[in-house]
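Asker: Please find one structure pasted underneath; my questions will follow.
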Amino acid sequence: MMPRAMSESASLKQWLLSDRPQSRRQAALGRVYGGWCSFARNRLAMVGLGIVVALVLIAALAPWLAPYSPTVGDLGNDRLLPPSAAHWFGSDDQGRDILSRLMHGSRITLYVVTLVAVLAAPIGLLVGTVAGYAGGWVDTVLMRVTDIFLAFPRLILALAFVAALGPGIENAVIAIAITSWPPYARIARAETLTLRQADYISAVKLLGASPARIVLRHIVPLCLSSVIVRVTLDMAGIILTAAGLGFLGLGAQPPLPEWGAMIAGGRAYVLDQWWVAAAPGAAIFVVSLAFNLLGDGLRDALDPKGSR
């Protein structure tokens with residue numbers, strides 16, 4: 001059985017890596033497999049992927065993994081306890097278990113980064129591809145609007161939008177998304193300026209395809225890989241911006257266990273009860289590092305100019 005399984009595995013690998021694919025499905029699967037092999041050779045990227053997968057699992061299973069309630073504590077007996085067997089990361093000033101709050105807070109972190117990516121990336125991709133393909137005054141107007149957003153630091157601009165919209169996790173997501181799309185537009189425009197002169201785009205024009213169809217069906221898919229890499233690398237910045245808003249009281253509101261708000265709650269005890277602020281700070285550091293490592297690996301795997 002083992003030799004047969006190894007033979008089937010080898011034949012499948014040869015089929016995926018064939019230089020002459022017999023169908024579009026085979027070609028697509030071969031590109032995916034080749035990208036995965038390139039990504040898997042990067043050990044740091046695999047570490048980042050492992051941490052991100054662990055974060056997703058912890059967020060999904062938080063109600064069952066967390067040993068205590070994230071919002072209710074015992075002020076009489078559990079207030080500001082140091083790390084121990086009962087409370088692995090200690091407890092805060094309200095007697096709440098910090099580990100349980102970190103586990104539930106991972107849900108808020110994933111909620112923010114996922115929604116920001118879903119909102120900001122398509123906007124930036126569409127603006128950049130339209131500007132690059134249309135050119136002329138359309139390109140000028142869209143890029144000047146993009147430059148206006150890029151002229152302000154992301155956190156400062158997000159603070160301004162949250163101040164206008166009001167504090168809350170939903171408004172924080174909207175504010176961060178509004179400030180996150182310009183870099184994606186820049187990348188998509190640069191890619192489009194190169195692609196619109198390609199022979200296959202000229203061939204599609206001769207077949208009578210409309211500009212909208214050319215942009216959506218032929219240019220946008222080719223710009224996706226660069227935007228995906230940039231989104232992954234931006235996850236750390238999104239997490240830090242969300243934590244900054246939470247630290248200032250403009251993001252998730254108490255008693256939600258948002259990591260930035262947890263640091264703000266522990267700053268009064270940072271000298272004596274250091275674990276109250278150190279635990280959420282370490283969580284932000286580890287998750288941000290993981291997304292950066294994952295983004296570097298994706299960049300190497302998806303770079304069409306890279307060697308494999």
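Since every read-out is calculated from the coordinates, none of them should be taken as a lab result. None of these values were measured; they are calculated from a predicted model. So basically every Cβ, Gly included, is an ideal-geometry build from the backbone, and we count neighbours across all protein chains shown.
Asker: Which one of V276, V286, V270 is without any contact (Cβ under 8 Å) to a residue 40 or more places away in the chain and closer than 24 Å to P83 by Cα?
Answerer: That would be V270, the only listed residue that is without any contact (Cβ under 8 Å) to a residue 40 or more places away in the chain and closer than 24 Å to P83 by Cα.
Asker: Another question about this same structure. Is it true that I148 is touching a residue at least 60 places away in the same chain (Cβ under 8 Å) and more than 21 Å from the chain's Cα centre (by Cα)?
Answerer: Taking the combined requirement at face value, the residue does not satisfy it.
Asker: Just for helices (runs of 4 or more DSSP H) wholly inside the stretch 140-214: which have at least 2 residues that are more than 23 Å from L245 (Cβ to Cβ) and of a type outside the set (D, E)?
Answerer: Ranges flagged: 169-195, 199-206.
Asker: Do you know which of the residues in the stretch 231-262 that are polar (S, T, N, Q) and touching a Leu at 6+ places or on another chain (Cβ under 7 Å) is nearest to V162 (Cα to Cα)?
Answerer: Applying the filter and picking the extreme gives T241.
Asker: Here's another thing I want to ask about it. Does the stretch 118-140 contain any residue that is within 23 Å of Q253 (Cβ to Cβ) and hydroxyl-bearing (S, T, Y)?
Answerer: Within the stretch 118-140, none of the residues are within 23 Å of Q253 (Cβ to Cβ) and hydroxyl-bearing (S, T, Y).
Asker: All but one of (1) crowded, with 16+ Cβ neighbours inside 10 Å; (2) over 23 Å from L224 (Cα atoms); (3) of a type outside the set (G, A, S) hold for W181; state the number of the condition that does not hold.
Answerer: For W181, the exception is condition (2).
Asker: Here are some conditions: (1) surrounded by fewer than 23 Cβ atoms within 10 Å (Cβ to Cβ); (2) touching a Ser or Thr at 6+ places or on another chain (Cβ under 6 Å). G132 meets all but one. Which one does it not meet?
Answerer: Looking at each condition in turn, G132 falls short on (1).
Asker: Surrounded by 17 or more Cβ atoms within 10 Å (Cβ to Cβ), more than 26 Å from the chain's Cα centre (by Cα) and not in a loop (DSSP other than H, G, I, E, B): does that describe G295? Give the derivation first.
Answerer: Values: surrounded by 17 or more Cβ atoms within 10 Å (Cβ to Cβ): yes; more than 26 Å from the chain's Cα centre (by Cα): no; not in a loop (DSSP other than H, G, I, E, B): yes.
No.
Asker: All but one of (1) under 16 Å from N171 (Cα atoms); (2) of a type outside the set (A, V, I, L, M); (3) in a helix (DSSP H, G or I) hold for R267; state the number of the condition that does not hold.
Answerer: Of the numbered conditions (1) under 16 Å from N171 (Cα atoms); (2) of a type outside the set (A, V, I, L, M); (3) in a helix (DSSP H, G or I), the odd one out for R267 is (1).
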